[in-house]
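No lab work stands behind these numbers, since they all come straight from the coordinates. Since the model is a prediction, treat every value here as computed from it, not as a measurement. Cβ placement follows ideal geometry from the backbone for every residue including glycine, while neighbour counts extend to all protein chains displayed.
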């Protein structure tokens, strides 16, 4: 058996035929190297194709990351703005509570949890250190906290408005003015009766003036009684609510006063007279709080 192959090479004219003897192992080695090189070339081409595809995807991902970074930055600024507005709202609520002297009975750390995080999220100083994933998680957490703060402050605002409305209503229904202009001829408390000369407790004050002088409602309320009460003469009662009642005696008779009529502070309600047991034209003015007579002068501020 031959151990080698002979390769004949035909050259140009007059140069004859060249013979090259090549051993079989060498031929197999050459074929193996050729096949290996061809396979490696195909593999390299395949990898290069996919590498280019991967690079294109990487470029797309980079662009997406840049766009996400821009969106996160914009969202951070918006959250920072909302955070600042929340801080202003919280301060405004606290200011209102101080003005209205309303005790919310809630610790500051419970009412005002969160907030103030705009420096860490909205200023952009942390983006160079935190990964976008961590920053996004912090933003979502802060937005949730901001939502909780908004709900809490809404409840605070409702409570404040309710308290302020109650106070406003109380002020409107609390007597604070003279029912008529004149001079006080008899004060509240113990005195000698002008009729018997004996000691008696005077439950109101007497304000003297000319007969027919207008009497005005010292606060908002509802007329609950108007009748002739013997010694008190023509007698008017106004319920102001909140346990406060004002009463007026010795009035001129009037057909304009109606039980159930709503009156407002400063509204003309009656006229000063001399009806009943009286020594002259005046109005006997009483204030009752929860059914107890108090000194009307406490409620005659202006």
- Item | Relative compactness, segment 149-302, computed as alpha-carbon Rg over 2.2 N^0.38 Å | 1.21
- Task: Extending each Cα 7 Å along its Cβ direction at residue 195 and residue 58, get the distance between those two points in nm, one decimal.
- Result: 11.1
- Sort 135, 51 so that the residue with the fewest other Cβ atoms within 10 Å of its own Cβ comes first and the one with the most comes last. 51, 135
- Message: Taking 41 Å as R0, compute the FRET efficiency from the Cβ-Cβ separation of residue 49 and residue 145 and round it to 0.05.
- Response: 0.25
- Query: What FRET efficiency comes out for the pair residue 239/residue 94, r = Cβ-Cβ distance, R0 = 41 Å, nearest 0.05?
  - Reply: 0.70
- Any idea how far apart residue 301 and residue 224 come out in nm if each label point goes 7 Å out from Cα toward Cβ? 2.3
- Query: Hey, rough spin-label estimate for residue 253 and residue 167, points 7 angstrom out along Cα→Cβ, what's it come to in nanometres?
  - Reply: 4.8
- Sites residue 35 and residue 70, calculated FRET efficiency, Cβ-Cβ separation with R0 41 Å, nearest 0.05: 0.20
